[in-house]
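The values are calculated or read from the model by the stated rules, or taken from the named source; none is laboratory data. Note that the coordinates shown come from a computational prediction; the quantities given were computed from them, not determined experimentally. Positions of Cβ are backbone-derived with ideal geometry, glycine not excepted, and every protein chain shown enters the neighbour counts.
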Amino acid sequence: MRSYTAGGLLLAALTAMPAAAEDPRTPVELPPDVRAAFMEEMRHHMDSLDDVIAALAAADFAGAAKVARTALAIGGGKGFGRFMPIEFREMGMAMHRAAVDFADAAASVPAEPSGADWKKTISALEDISAQCRACHAVFRVE
């Protein structure tokens, strides 16, 4: 009897929560082949961001700058923008610009970095991740 009551309560709770389960982000519908390629590109961005963080953890500012400039900065686009809303494209470009700014900041750090150098570099890194976070908060790819 208790298991039926518990099951009934669980079912009632789950059916009473559909609003909480809805995703309020703006959907971006892509053709299946474009979606697959785009998702791969997003995973590559995450890998590259992790590589930047790993380089910074090793105090390799030049290496972090190189990864940001070659893997995250503007350039080498794959044409996904033509499938995206303008707001999405603008947010993407802001992330790529933040990567260039980070690369410039990291590349300017001397061999013996000061606390201010670390702060400037980490702040520039946060600018990249803030762009990622903002876009993911607003859009979902379908």
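Here Met95 fits the description: touching a His at 6+ places or on another chain (Cβ under 9 Å) and either surrounded by fewer than 17 Cβ atoms within 10 Å (Cβ to Cβ) or of a type in the set (A, V, I, L, M) (or both). Being surrounded by fewer than 16 Cβ atoms within 10 Å (Cβ to Cβ) and over 16 Å from Arg89 (Cβ atoms) is the filter here, so list the residues in segment 28-40 that pass it. Matches in segment 28-40: Pro31, Pro32, Asp33, Ala36, Ala37, Met39, Glu40. Inspect segment 2-10 for any residue being farther than 16 Å from Phe139 by Cα, at pLDDT 90 or above and of a type outside the set (D, E, K, R) and give the result as yes or no. No, there is no match, as no residue in segment 2-10 is farther than 16 Å from Phe139 by Cα, at pLDDT 90 or above and of a type outside the set (D, E, K, R). I'm trying to understand the selection: among the residues of segment 110-135, which are more than 18 Å from Val52 (Cβ to Cβ) and of a type outside the set (A, V, I, L, M, F, W, C)? Matches in segment 110-135: Pro110, Glu112, Ser114, Gly115.
Just one of the listed residues (Ala107, Ala103, Ala111) is in contact with a Lys or Arg (Cβ under 7 Å, 6 or more places away or on another chain) and farther than 27 Å from Glu29 by Cβ, namely Ala103.
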